[in-house]
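Okay, so here's the structure we're looking at.
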Amino acid sequence: MGSLEVDTDVTRAVRSALAHVELRKLPWRERPCEPWAVLVAETMLIQTQAPRVAEVYPHFLARFGTPAALWSAGLVAVLEAWSGLGYYRRAERLWRGAGIIVERWGGECPREEAMLRTLPGVGRYVARAVAVQCGGLQGVPIDTNARRVLVRAVLGAPATERVLERAGSALVEGGDADRLTQAIFDVGAQWCRARPRCSECPLEGSCRMCREGLADPWRPGRPQGAYEGSLRQVRARVLRVLLRGARGIADLEELVGGDAELLWQALDGLRSDGLVEDDGHGSWRVPQRPRGLPEGKSDCGDRNFPLGSALDQEQVS
Ligand code: SF4
């Protein structure tokens, strides 16, 4: 599969169809050339559905419109503003990344893939997404939606990441990578889903799977396990309580129904993600400063966020 050929006729036809896809109006598309705004949006979108991100993103960005604003707000305020998105590890990394941007580049978020990759939590997909939208990179960042569309519409067969990136680059070779990438995402989100809706899809006439009557080459990943009773749920509960202030281990044990093993698993995971710390006196809390950055760069003393926040029921990973 590593040597799978990209058919130029199919590529041309799919490109042409993509150029006519009407793009969805999404809040992060209103500031397409600002790398910080794109970095925030793409970080949120990694593990959260677009409609949920669309609710949180405008408020988050209004409050933290620059890396310096996010960094100086402190981790507690950032986690609170992240409420509703789940997977809080992303928020902690984004916050640390903001500190690095301030320290290293005077608060100017980079737009080059290689520089972005040096930030915590910024993987190949997010770095390329920012570089395509803001840095002129002619390629397609490969997320799950893009992967489904490329596998079905362009390649007609399962493929490695390397082949997918080659297929994406061939698609945008003539320019307009940013718009074409958005169109791929929208096709993947609206029609080319796990169960494809080909008869309504704007790519139907050009799609390789449809035109050649191929068996579906998409291989879905493992479904996520149940949330109720999971380690993820315990992590969310613990973090919610600690956002309100430091707590002793006995309190936390009670919170999780006395399951000490599950509690320690949650605390160990949250601690290694930099989301909680032991204060050295038997209590746990959300840290005042991130690891690995100089002290005095962040004033996290203000914990006056609304109590009873929507952290209940959320996922933390
Ligand atoms: S026509 Fe069907 S398989 Fe092809 S891109 Fe559209 S939804 Fe996916």
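The values are calculated or read from the model by the stated rules, or taken from the named source; none is laboratory data. This one's a predicted model, so the numbers in the text were calculated from it and none came from an experiment. FYI the Cβ positions are ideal-geometry reconstructions off the backbone, even for glycines, and counts take in every protein chain you see.
For the reader, a short list of remarks on this structure follows.
- Here Gly107 meets the list (1) within 16 Å of the ligand (Cβ to nearest atom); (2) modelled with pLDDT of 95 or more; (3) in a loop (DSSP other than H, G, I, E, B) almost entirely, failing just condition (1).
- Candidate set from the stretch 102-133 (those that are in contact (Cβ under 8 Å) with a residue 60 or more places away in the chain and more than 18 Å from the chain's Cα centre (by Cα)); member that is surrounded by the most Cβ atoms within 10 Å (Cβ to Cβ): Val102
- One residue from Ala183, Ala189, Ala215, Ala177 being of a type in the set (A, V, I, L, M), exposed (fewer than 12 other Cβ atoms within 10 Å of the Cβ) and either touching a helix residue (DSSP H, G or I) at 6+ places or on another chain (Cβ under 9 Å) or touching a residue at least 40 places away in the same chain (Cβ under 8 Å) (or both): Ala215
- Residue in the stretch 188-211 that is farthest from the chain's Cα centre (by Cα), counting only those that are basic (Lys, Arg) and within 8 Å of the ligand (Cβ to nearest atom): Arg208
- With respect to (1) within 15 Å of the ligand (Cβ to nearest atom); (2) in contact with a Gly (Cβ under 9 Å, 6 or more places away or on another chain), the lone exception for Gly139 is condition (1).
- Residue in the stretch 245-266 that is surrounded by fewer than 11 Cβ atoms within 10 Å (Cβ to Cβ) and either within 16 Å of the ligand (Cβ to nearest atom) or of a type in the set (S, T, N, Q) (or both) present: no
- Counted residues, the stretch 32-70 - those being farther than 14 Å from Leu85 by Cβ, in contact (Cβ under 8 Å) with a residue 60 or more places away in the chain and not aromatic (Phe, Trp, Tyr): 6
- Verdict on Ala153 being surrounded by 22 or more Cβ atoms within 10 Å (Cβ to Cβ), more than 16 Å from the ligand (Cβ to nearest atom) and over 30 Å from Asp278 (Cα atoms): no
- Residue in the stretch 212-229 that is outside any loop (DSSP other than H, G, I, E, B), modelled with pLDDT under 90, among the aliphatic types (A, V, I, L, M) and away from the ligand (no atom under 16 Å from the Cβ) present: no
- Test: residue in the stretch 262-276 that is modelled with pLDDT under 80, in contact with a Lys or Arg (Cβ under 8 Å, 6 or more places away or on another chain), of a type outside the set (Lys, Arg) and more than 19 Å from Gly74 (Cα to Cα): no
- Taking each residue of the stretch 224-243 that is free of Cβ contacts under 8 Å to residues at least 60 places away in the same chain and looking for partners that are assigned to a helix (DSSP H, G or I) and not hydrophobic (A, V, I, L, M, F, W, C) with beta-carbon atoms closer than 6 Å, six or more apart or interchain, yields Leu231/Gln265.
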